[in-house]
């Protein structure tokens, strides 16, 4: 589907890449200033401490690809290197899957977000049988806004963009 990328579900012993990107202030700058109720979140930098103490609990919820969750590294095919991560989690309140997409700062600006989103949408609609996917971010995040629009998401409020299964398949 993508010529440059593929998704790889990491093994437990491969979580060091997740640890690395969550600790990078330039990569996590989009995450600054939120009122997240996490003991390992730094509000000033947006970084999240993902030291090995957190791995077992996190992997039990995400790594096993537990029901209604999906997590993968975004791998650049030519170099066989991870350039970010992608996730889906079912949100009961929204009755939809929430998208999480992080491209490492040094790989931004090359169109990878759009490609990674397309791969993630394929998982959501073809493997998880999602009816709708969404993400929650302000319009002021211009690059995210553009990437999500390019793959068909529509802004439904000041904070939320969504894509339905019907809209996704009608554009293929």
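Descriptive notes on the structure:
- Sole residue being closer than 15 Å to residue 8 by Cβ, modelled with pLDDT of 95 or more and surrounded by 13 or more Cβ atoms within 10 Å (Cβ to Cβ), chosen from 96, 86: 86
Yes or no, residue by residue, for (1) surrounded by fewer than 17 Cβ atoms within 10 Å (Cβ to Cβ); (2) over 18 Å from residue 84 (Cα atoms):
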site	(1), (2)
102	no, no
109	yes, no
127	yes, yes
130	no, yes
138	yes, yes
143	yes, no
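- Filter pass, residue 139 being outside any strand (DSSP E or B), over 14 Å from residue 97 (Cβ atoms) and without any contact (Cβ under 8 Å) to a residue 12 or more places away in the chain: no
- Residue 113 vs. criteria within 15 Å of the chain's Cα centre (by Cα), over 16 Å from residue 96 (Cα atoms) and crowded, with 21+ Cβ neighbours inside 10 Å: yes
- The set of residues in segment 18-62 that are surrounded by 12 or more Cβ atoms within 10 Å (Cβ to Cβ), assigned to a loop (DSSP other than H, G, I, E, B) and either out of contact with any strand residue (DSSP E or B) (no Cβ under 7 Å at 6 or more places or on another chain) or modelled with pLDDT of 95 or more (or both) comprises 23, 24, 32, 36, 42, 43, 45, 46, 47, 49, 50.
- Residue ID - farthest from the chain's Cα centre (by Cα), chosen from residues in segment 155-171 that are free of Cβ contacts under 8 Å to residues at least 60 places away in the same chain, closer than 14 Å to residue 117 by Cβ and not in a helix (DSSP H, G or I): 171
- Applying the criterion of being without any contact (Cβ under 8 Å) to a residue 60 or more places away in the chain and under 8 Å from the mean Cα position of the chain (by Cα) to the residues of segment 80-105, the residue that is farthest from residue 160 (Cα to Cα) is 87.
- Applying the condition of being in a loop (DSSP other than H, G, I, E, B) and in contact (Cβ under 8 Å) with a residue 12 or more places away in the chain to segment 110-136 and asking which residue is farthest from residue 170 (Cα to Cα) yields 128.
The values are calculated or read from the model by the stated rules, or taken from the named source; none is laboratory data. Everything numeric in this text was worked out from a predicted model, so none of it was measured. Neighbour counts are summed over all protein chains in view; Cβ atoms, including those assigned to glycine, are modelled from backbone coordinates with ideal geometry.
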